[in-house]
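What follows is one structure encoded as structure tokens, with my remarks underneath.
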Amino acid sequence: FDTSKYLEYLDPNTFGSNLLYLAETTSTNDEVWKHIKDNNHIVVIAERQKEGRGRRDNTWHSFEEKSLTFSIGIKLDKEIANHIAFIIPLSICKAIKKNFHINVGVKWPNDIIVNNKKIAGVLIESKLNKSIPIYNIGIGINVNLMIPLINIIDHRLDKN
């Protein structure tokens, strides 16, 4: 990912211009909590995430060059925030359909499904900072996988 090329095309005041790119991290969501502080937003992108997490303390496995892992930290007013759990998964589906012409859907509340297989997940966390709600939206999308993810995991477990 070329951060300078990405930022070259953005107005510095545009959403997405506060970007942190990391080759590796434990969790992009953790990085948001560390870096959002006085910013209205931050986008954290990692090439590799070692301890990604999902709902109910599940882990999100990312594979080098086969996963998009990023988190968006944003301060939102309550009116929009009440709908964020619907907006994010539907936006991911819309982007995939538009760009790749793949039939994709949502298994509520946070899974993105293609051919009955999970290809992406969304984890939304929130905190109050000086009575301002901050939303941390973690997104993991599996890409470039030639076989279903569950087969890869099963195969790795069989070897151990």
Cα→Cβ-extended label distance, 7 Å offset, between Asp57 and Ser126, nm: 2.4 nm
Charge context of Thr25, other residues only, Cβ under 11 angstrom, K/R +1, D/E -1: -2
Summed residue charge, Cβ within 11 Å of Lys107's Cβ, Lys/Arg positive, Asp/Glu negative: +1
Environment charge of Lys75, counting only residues whose C-beta is closer than 12 Å and scoring Lys/Arg +1, Asp/Glu -1: +2
Accessible surface of the stretch 1-136, 1.4 Å probe, proportion on carbon and sulfur as whole %: 52 percent
Flagged links, alpha-carbon separation over 31 Å, of Lys75/Lys118; Lys37/Lys118; Lys5/Lys50; Lys5/Lys98: Lys37/Lys118
Residue-normalised accessible area of the stretch 65-140, given per residue in Å² at a 1.4 Å probe: 61 Å²
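The values are calculated or read from the model by the stated rules, or taken from the named source; none is laboratory data. Worth saying up front: this structure is predicted, and the values here are computed from it rather than measured. Cβ coordinates were reconstructed from backbone atoms using ideal geometry, including for glycine residues, and neighbour counts include every protein chain displayed. What goes into the accessible areas is simple: the full protein's heavy atoms, side chains included, and nothing from ligands, DNA or RNA. Shrake-Rupley method; radii C 1.70, N 1.55, O 1.52, S 1.80 Å.
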